[in-house]
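Worksheet: one structure, shown below.
The values are calculated or read from the model by the stated rules, or taken from the named source; none is laboratory data. Since we're looking at a predicted model, the values are computed, not measured. Reconstructed Cβ throughout: ideal geometry from the backbone, glycine too, with neighbour counts over all protein chains shown.
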Amino acid sequence: MNIDREGHTQSTIIEIYHGKKGKFRWRLTARNGRIIGSSSQGYKRRKSCIRNADDVARALLSLIIHESFEQPHPERAFDVIDRTTDG
């Protein structure tokens, strides 16, 4: 992995690591080194953690963001923006 002087990588990465309780966890780290996502649970098996991280990575590849100018749903703290169309 290439890291520049400021600690930035050339790409976003998913890092697998041991959490405080000895279980495997993953974190999604942006190019600037900031953590932008992480596993919601620890995994006893490294393979299970990698499978979950891979599922997240695949979901991000097909992500659709939908932009709405209406008030967001009260139980949802964000809107989705669809960048798959020109509109």
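Overview of values
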{"quantity": "Residue list for the range 30-52, filter: more than 11 Å from Ile13 (Cα to Cα) and charged (D, E, K, R)", "calculated": "Lys44, Arg45, Arg46, Lys47, Arg51"}
{"quantity": "Strands (runs of 3 or more DSSP E) wholly inside the chain that include at least 2 residues being of a type in the set (Gly, Ala, Ser), within 18 Å of the chain's Cα centre (by Cα) and at pLDDT 70 or above", "calculated": "35-38"}
{"quantity": "Residue count, the range 28-53 (criterion: among the charged types (D, E, K, R) and in contact (Cβ under 8 Å) with a residue 24 or more places away in the chain)", "calculated": "1"}
